[in-house]
1. Rounded, prolate or oblate: which fits segment 36-89, taking a ≥ b ≥ c as square roots of the Cα gyration tensor eigenvalues, rounded meaning a/c under 1.5, else prolate when a/b beats b/c?
2. Using label points projected 7 Å from each Cα along Cα→Cβ, tell me how many nm separate E202 and E287, to one decimal.
3. Whole number in Å², please: accessible area per residue of segment 18-158, 1.4 Å probe, ligands, DNA and RNA not counted.
4. Rounded to the nearest 0.05, what FRET efficiency do E129 and E297 give with R0 = 51 Å and r taken as the Cβ-Cβ distance? Could you check?
5. Run the quick spin-label model on R42 and K80: label points 7 Å from Cα toward the beta carbon, then report their separation in nm to one decimal.
6. At a 1.4 Å probe, what is the % contribution of carbon and sulfur to the accessible area of segment 79-118?
7. How tilted is helix 75-85 with respect to the longest principal axis of the chain? Cα atoms for both, answer in degrees (0 to 90, nearest 10).
8. Using the scaling law 2.2 N^0.38 Å as the reference, what is the normalised Cα Rg of the chain?
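The values are calculated or read from the model by the stated rules, or taken from the named source; none is laboratory data. From a predicted model like this one, the values you see are computed outputs, not experimental measurements. Here the Cβ positions follow ideal geometry from the backbone for every residue, glycine too, while neighbour counts run over all protein chains shown. Ligands, DNA and RNA are excluded from the accessible area calculation, which covers all protein heavy atoms including side chains. Shrake-Rupley method; radii C 1.70, N 1.55, O 1.52, S 1.80 Å.
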Amino acid sequence: MADTSAAPVKKALISGITGQDGSYLTELLLSKGYEVHGIIRRSSNFNTQRLEHIYIDPHKSSARMKLHYGDLTDASALRKWVDSIRPDEVYNLGAQSHVGVSFENPDYTADVVATGALRLLEAVRVHIETTGREVRYYQAGSSEMYGATPPPQDEDTVFHPRSPYAVSKVAAHWYTVNYREAYGLFACNGILFNHESPRRGENFVTRKITRALGRIKVGLQSKLYLGNLKASRDWGFAGDYVEAMWLMLQQEKPDDYVVATEDSHTVEEFLEESFGYVGLNWKDYVEIDQRYFRPSEVDNLRGSSAKIREKLGWQPKVGFKQLVAMMVDADLEAAKREKVLADHGHIAPQQQP
Ligand code: NDP
Ligand code: GDR
């Protein structure tokens with residue numbers, strides 16, 4: 001554990017701090033002695049559940065995580081926070097990150113994912129220009145940018161995005177490259193393949209499966225409705241991937257890196273592994289619902305992460321089976337707690353995400 005009484009080594013500003021990756025990155029940076037500032041959206045319900053275990057009342061001097069209201073659609077707020085916080089590192093993780101939803105909300109997705117990245121880059125650029133400080137910037141890029149281009153995909157692979165989300169991420173990628181080339185910004189693109197955890201949003205396929213599996217096991221749910229089971233993904237553990245983000249910003253020169261396990265599985269294989277882990281046959285529970293299919297699908301993603309492994313010494317610690325077991329174990333525990341509440345009439349039946 002880091003000495004929390006010492007003066008902070010560095011300040012980081014994170015957009016998307018309330019998301020899966022934001023919470024793991026915050027834990028990592030706090031463990032390294034950083035002061036961590038996060039931009040959160042105003043919501044009628046609290047959206048900080050993933051941070052509750054590390055939250056310390058900001059009135060206490062030991063609090064090194066601070067949250068500020070803002071939004072990637074609000075350039076003035078981004079400028080204000082960059083100027084007042086004076087971060088050493090900015091991690092742009094904020095996004096409407098659901099590929100399926102991006103077909104339903106394309107304008108909004110582009111505004112947040114593409115123009116949002118541009119707004120934050122611009123806030124950083126102007127801050128550097130007016131203060132002369134050095135600020136390093138990380139852009140959360142995605143394997144979705146490769147889309148229809150067959151695997152293995154590495155830093156030189158051509159992008160062929162297949163959704164409004166992926167097209168927006170390609171724009172954010174090139175904005176980041178452009179700010180590096182035009183203004184000399186220390187800006188890096190991490191091209192991260194799918195990464196999961198017990199904190200994964202419940203409407204992404206892995207968590208949707210493990211969440212349903214836990215509920216099926218305790219008798220709270222009988223069916224799981226899914227879309228395309230043939231799609232293949234390179235699934236890693238989010239905790240490993242946030243280390244790669246941090247490593248990129250600690251180098252002498254900014255660069256772009258693919259982050260991947262180099263091992264891919266279909267959604268069907270994820271079902272087999274997870275249901276098999278608790279002694280069930282997924283075929284007894286899963287039904288196909290056309291509404292979960294996408295207008296254009298990404299069939300096959302498998303990364304080649306030789307560059308980050310060789311240059312930065314990064315490698316994943318958690319493999320596919322371990323990841324599935326970790327997620328199923330966590331969701332079984334959650335389902336057991338939910339069952340106790342349900343037996344006492346405390347919760348309504350859940351909608352499927
Ligand atoms: P999540 O969906 O879990 O989190 C997204 C975060 O962005 C949340 O904190 C969300 O806030 C915030 N956000 C959404 N809209 C806005 C907005 N308009 N302004 C400011 N913040 C906003 O994503 P992950 O943690 O899984 O992913 C982090 C980043 O990495 C995203 O950019 C994602 O696209 C990208 N990525 C993710 C991969 C993965 O496999 N997880 C792989 C490759 C890239 P709120 O909590 O209020 O919704
Ligand atoms: P993805 O993740 O689109 O790869 O984007 P998701 O888990 O949503 O889908 C993976 C694959 O599973 C298929 N699928 C379903 N998906 C969902 N969500 N729900 C279903 O019911 C279902 N049934 C089958 C999908 O069609 C797809 O092929 C994630 C996000 O985190 C992005 O933000 C990130 O950039 C990429 O990973 C890398």
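1. It is oblate, given that a/c is not under 1.5 and a/b is not larger than b/c.
2. About 2.0 nm, to one decimal.
3. 44
4. 0.75
5. 1.0
6. 49
7. Here the helix axis deviates by roughly 70 degrees.
8. 0.99
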